[in-house]
Amino acid sequence: MDQDTWNRGWSYDFGAGDVTGSQDQNGGAVAPQSCAGFFELWGYAARLKEFFASLEGRSSVNLSDLFKLRDRAREIQSWMLNLRSRQISSRFDAVRQKVNEGIDSDVTHHEADPGGGQVGTGIHGQRF
C-alpha cells in the first residue's frame with residue numbers, strides 16, 4: 001500500500017466498535033484493521049509470554065530445548081511483522097501510538113467520570 005493511501009486511511013476518526021468489527025463491517029478500512037491487527041499481535045505476544053513463563057522452573061523441561069523453542073517462536077513472530085523496513089516500522093509505531101492515545105483517553109475519561117459516561121471511544125472528540 002502506498003503512503004498516500006495509508007495516510008488517507010488515518011485521516012478520519014473511528015471508535016472502538018470500528019476496531020472490533022473491522023473485519024466484517026468496514027470494507028477494508030485501513031486504520032481500524034491496522035489497530036485490530038495490532039491487538040491480535042499484542043494478544044499473541046502475551047500468550048507466548050505466559051506460555052514460556054509456565055515452562056520456566058519445571059524440572060521436566062530441558063533448558064536447551066526451551067531456549068530453542070523460544071528462539072523459534074521469535075523467528076515466527078518476525079515473519080508476522082518485519083520491522084526491518086523503515087516504512088513498516090514507522091507505520092507500526094503510528095498504530096502503537098494511536099492505540100496508546102485511545103487507551104490514555106479512555107482512562108482519563110473514566111477517571112473523570114467513573115460512574116457514568118461512555119468509555120471505550122478514544123481520542124479526537126472521544127473517538128479513536
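A short reminder: the numbers here are calculations on the coordinates, not readings from a lab. These numbers were taken from a predicted model, which means no experiment stands behind them. As a convention, Cβ positions derive from the backbone with ideal geometry for all residues, glycine included, and neighbour counts pool all protein chains shown.
Scanning the stretch 50-85 for residues that are under 24 Å from P32 (Cβ atoms) and either touching a His at 6+ places or on another chain (Cβ under 6 Å) or part of a helix (DSSP H, G or I) (or both) gives Q77, W79, M80. Within the stretch 49-74, residues that are surrounded by 11 or more Cβ atoms within 10 Å (Cβ to Cβ) sit with their Cβ atoms under 7 Å from residues that are in a loop (DSSP other than H, G, I, E, B), at 6+ positions apart or across chains, in these pairs: L55/V61.
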